[in-house]
Amino acid sequence: MVLKAKKIETQLTHDSCKKYEGAVVPPIFQNSLFTFEDWDAVDRAFDQPDKSFIYSRGKNPTVSIVEEKLATLSGAEKAQLFPSGMAAISAAILYCVNSGDHVISLKNLYGPSNNFLTNYLKPKYNIDTTFVQGDSIDDFKKAIKPNTRLIYLESPSTAVFSLQDIEAVSKLAKSKEIKTIIDNTWATPLYQKPLLMGIDIEIHSCSKYLGGHSDIVAGVLMGKAEIIDSIFKREYAWLGAKIAPIEAWLLLRSLRTLVIRMERHQANAFKIAKFLENHPKIKFVRFPGLKSFPQYELGKRQMTGYSSLMSFQLKTEDIEKVKTFFNCLQLFHKGVSWGGFESMVYAPAIAYIKELNAKQFENMGISINDIRISVGLENADDLIVDLENALNKI
Ligand SMILES: *Cc1c(COP(=O)(O)O)cnc(C)c1O
């Protein structure tokens, strides 16, 4: 009898060694092309391009191993890896829309996704996007037009962690034959399963928790086979943004520890969020796991766990003091991105001060005293001492 592994921890850590001469770690197939016995074998491969290894801009065995694990993890029929989250996002949006179509998305959308819609699809293809707040289903209802073809979600959003009611939005979209995409990077496919709530395409930047070691940039799309096969044949093959086998292999390494990494990220995040929430120099903390979070109930309904990216507002509005706090942190590395083993700190003001006035800033729900932290895998007590020290300096 062949034992069928059922639980996700087993599926993410186990690979058949038989296929690879007993090697416990599957190899990196670092080859551009695959060879065949004869004419008929080539002919058969051409008949099934989405199942055959022909040329590495298409299928590659190392990449396929990871795609199968990610599909299992999210409850998808299929997954397609990309060389970055943005490559996956642009391919998925292009799959859904034609010139002249209308899109609905969120005011607090991840910056580059917003830019792709606003500064690329709009001027080049006359694809208009309405950006809504998104915490009420009415926001979406009101924005629907006869030519709306796509609703693009990000829940929790990574700017202010606002949530959308995923089930309600998918239901609304289905009733109007509108496609839905969600950027599920924050929750990871471990803690939120949007495909099971009716979403058509789930997207992740694998550069965050899925990679988790701050050594790869990658992205993934997941959904029904019909959708993923079509994207594979067109947007993946023709735009040609393919993932490198070594990046897929590193991602395979990362998936083996995803469950335990996320448990630690989550436990550390709770300790730190609670510490910050009770600190007199902090106005509020934005973390969907806190009972004080405005959409706590919705989060509990549609997620089974929380990751460790959060933000908080210092009480001081003196930019010099905000800078002092930021600069005094020693264990939190300073820079962009998140979801790695290492704790990071970032201040949205660093970028926005260059582009926006105070009013625009406010419209995004962000202010100059906002601090964003990604809580890593260090000891939480050490991180709290670091935060405490920096808070004492202001
Ligand atoms: C980082 C990020 C992306 C883009 O992913 P890349 O791998 O950097 O291209 C997309 N969405 C969210 C929410 C992100 O944080």
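What follows is calculated from the coordinates using simple rules that are stated; it is not laboratory data. Only a predicted model underlies this, so the values are computations on that prediction, with no experimental measurement involved. Neighbour counts run over all protein chains shown; Cβ positions are idealised from the backbone, glycine included.
Values for this structure:
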item: Per-residue Cβ neighbour rank within 10 angstrom, fewest leading, Cys17, Cys96; result: Cys17, Cys96
item: Distance violations [Cα-Cα > 23 Å] among Lys107/Lys354; Lys142/Lys171; Lys174/Lys224; Lys145/Lys242; Lys208/Lys242; Lys291/Lys321; result: Lys145/Lys242; Lys291/Lys321
item: The chain: translational diffusion in µm²/s, Stokes-Einstein, Kirkwood Rh over Cα pairs, 20 °C, 1.002 mPa s; result: 97 µm²/s
item: Nearest-20 debye value, the chain charge dipole, Cβ charges on Lys, Arg, Asp, Glu; result: 620 debye
item: Mean separation of Cα contacts under 8 Å, 6 or more apart, over the residue count of the chain: relative contact order %; result: 15 percent
item: Theoretical gain in end-to-end length, Ile8 to Glu21 [0.36 nm per residue, Cα-Cα removed]; result: 2.2 nm
item: Mean ellipticity per residue at 222 nm, deg cm²/dmol - from DSSP H runs of n ≥ 4 across the chain, formula -39500 (n - 2.57); result: -11000 deg cm²/dmol
item: Helix axis angle, 319-328 relative to the chain longest principal axis, alpha carbon, degrees; result: 60 degrees
item: Extension reserve of the Asn115-Lys141 stretch, reckoned as 0.36 nm per residue once the Cα distance is removed; result: 7.0 nm
